[in-house]
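Visitor: Pasting a structure here, questions to come.
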Amino acid sequence: MRKLTFILLCVFAFGCSRPVETNQSLRLVSLNIPETAAAGGEMAFEFHISGGGMPVLLLRNALGQTVIDGKRDAEEVIFRLPSSFKEKSGPCHWSLIYGDSTLASGVVHITPSEIEPRVETYLGPGNIMAGRTDHTILVAVPSDVYGNPLPDGTSLTLRKQVAGVLESEGLNTNSLFAWKRVYSEERATRGFLSVIAEGSHSKELTFDIHPAAPVDFEISYSRNHSYADGNQVITFSTSVLKDPYNNTVSDGTLVSFLITNSGGKILRAQGTTIHGIATARMLHPDRADQWIVRALVEGIATSPEIQVEFLPVMRSFSVKWNASTSHLDVGPVESFLKQFQPDGLRVILKVTDEQNIPVAELSGELSVGYARFDLGQLGLPSGKYGASVEIGGITKEIPFELKNEELE
């Protein structure tokens, strides 16, 4: 029984020790691995080993790490790198592992491919002002067909066309990209850019050079007549707004017209430029007046002042008192062409007593050249009064006597 137990223990111990002996019997004889390689090319690691067993290859690069299996033919083992490792430039670390042992390790430096280089370009801002001081910035990132950035010092060619003039300039990459400030010209126009890297062309980039801020300008006005009829329209216009480089300002530039009347009140009208000219319209005043007008582009440019005079549309009008009906009739109110003043023109009546103390004020409107006020409805006691009628800045006064039989 003791002999049988001893024999079984020996057999068990011998069986457990066989893998260790096999691991120790696997030995690396030689290897064939390049120190550098171009991205995308066929890349194989060759090892010559002796002994039984099959090692694996551990790979690690900027994207991560993986373990790959190889193929063994007698004493030769070949590992072929997957695309994710052979197409990525930079250091690729490898380790040949069998069991818990690392038989060999090293690093392969993969360089960018020289086949079909590409250029990614970025430009901004896309809109700049004329004058050689504003600029946009171009950034160019050359890369190989697999997206690996090309090494520092890679030569690029910048081609620029502005206002029909074509220019070329050399650039070199630094920190894997190249950049350039592209300044505006004095002429408002569109610019075109492209970058060439070892025969590869970038897409076309465009930027717009807009007119700079306008300089001072002139204003004028036009109207059908010079009378203050409260009906016609006067149009104010600017000269063509230009920047310091003689570019016509962009459409939509806001211009404000400030109008000061003879009473000191300020009116405001606004217009936007079309082909460099801004216009604004105002109604004529309803009474004789004198306007002082100037225009400005807020905080940038202004115009000299001009004066506009509005003549009274009428010299006088008729006011009649009808004692029997207690009506005060105004009219006909005629304009400079002897036609009736337009309907809706305001008529103001002020009534004063014998001591010239105001006792009533009424407002009405012209209709077909006339206006009528019923003073009997005011409830004033009988007596002598004065009436002052004002239309369009013209005032007519008459005395009248009111007999209110209901209050007597």
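Read-outs: derived from the displayed coordinates by stated rules, not from any lab. The model shown is predicted, which means the values in this text are computed figures rather than measured ones. Note that we place each Cβ from the backbone using ideal geometry, even for glycine, and neighbour counts take in every protein chain shown.
Visitor: Quick one: if you stick a label point 7 Å off each Cα along the C-beta vector at Ser250 and His93, how many nm between them?
Guide: 5.4 nm
Visitor: Could you give me the ³J(HN,Hα) list for segment 183-194, computed from phi with Karplus coefficients 6.51, -1.76, 1.60 and θ = phi - 60°, whole Hz, x at Gly and Pro?
Guide: 8, 6, 9, 7, 8, 6, 6, 10, x, 10, 9, 8
Visitor: How many angstrom lie between the C-alpha centres of segment 331-408 and segment 243-314?
Guide: 37 Å
Visitor: Under a point spin-label approximation (7 Å from Cα along Cα-to-Cβ), what is the Ile78-Lys350 distance to one decimal in nm?
Guide: 11.5 nm
Visitor: Where does helix 2-16 land angle-wise versus the long Cα axis of the chain, in degrees 0 to 90, nearest 10?
Guide: 50 degrees
Visitor: Using only alpha-carbon positions, what ratio does the radius of gyration of the chain give when scaled by 2.2 N^0.38 Å?
Guide: The value comes to 2.26.
Visitor: Lys350: which lysines have alpha carbons under 21 Å from its alpha carbon, excluding same-chain residues fewer than 8 sequence positions away?
Guide: Lys350 reaches Lys320, Lys384, Lys396, Lys403.
Visitor: Considering all projection directions equally, how large on average is the shadow of the alpha-carbon convex hull of segment 25-111, in square nanometres?
Guide: Spelled out: convex hull of the Cα atoms, projected over all directions, averaged, 5.1 nm².
Visitor: Could you give the radius of gyration (one decimal) and Dmax (whole number) of the Cα atoms in segment 225-344, in Å?
Guide: 20.1, 76
Visitor: Could I ask something else about it? Could you check the simple spin-label distance between Thr133 and Lys265, using points 7 Å along Cα→Cβ, in nm with one decimal?
Guide: According to this spin-label approximation, the distance is 4.2 nm.
Visitor: Follow-up question, since we're still on this one. Checking the cross-link filter: which lysines have an alpha carbon closer than 24 Å to that of Lys88, excluding same-chain neighbours under 8 positions apart?
Guide: In chain and number order, the partners are Lys71.
Visitor: Which of the lysines could be linked to Lys160 by a straight reach, that is with a Cα gap under 20 Å, when you skip same-chain ones fewer than 8 residues away?
Guide: Qualifying lysines at Cα under 20 Å: Lys180, Lys203.
Visitor: For a Förster distance of 56 Å, can you work out the FRET efficiency between the beta-carbons of His327 and Asn224, rounded to the nearest 0.05?
Guide: Rounded to the nearest 0.05, the efficiency is 0.95.
Visitor: How high is the relative contact order of the chain, given as a whole-number percent (alpha carbon pairs under 8 Å, six or more residues apart)?
Guide: Reported as a whole number, the value is 8 percent.
Visitor: Rounded to whole Å and ordered largest first, report the semi-axes of the equivalent ellipsoid of segment 112-225 derived from its Cα gyration tensor (root of 5λ).
Guide: With the √(5λ) rule applied to segment 112-225, the semi-axes are 40, 12, 11 Å.
Visitor: Turning to a different aspect of this structure: At R0 = 51 Å, how high is the FRET efficiency between Ser168 and Ala104 if r is their beta carbon distance? Nearest 0.05 is fine.
Guide: Once rounded, the FRET efficiency stands at 0.50.
Visitor: Using a Gaussian network model of the chain whose springs link C-alpha atoms within less than 10 Å, name the residue from Gly51, Gly90, Gly124 with the highest mean-square fluctuation.
Guide: Gly51
Visitor: Mind listing the long-range amide H neighbours of Met43? Cut-off is under 5 Å, sequence gap 5 or more, other chains count too, H placed in the peptide plane at 1.01 Å from N.
Guide: It is Leu81, by chain and number.
Visitor: If you plug each phi of segment 71-87 into the Karplus form 6.51 cos²θ - 1.76 cosθ + 1.60 with θ = phi - 60°, what whole-Hz ³J(HN,Hα) values come out, in order, with x for Gly and Pro?
Guide: Couplings: 10, 10, 10, 6, 9, 9, 10, 10, 10, 9, 6, x, 4, 5, 9, 7, 9 Hz.
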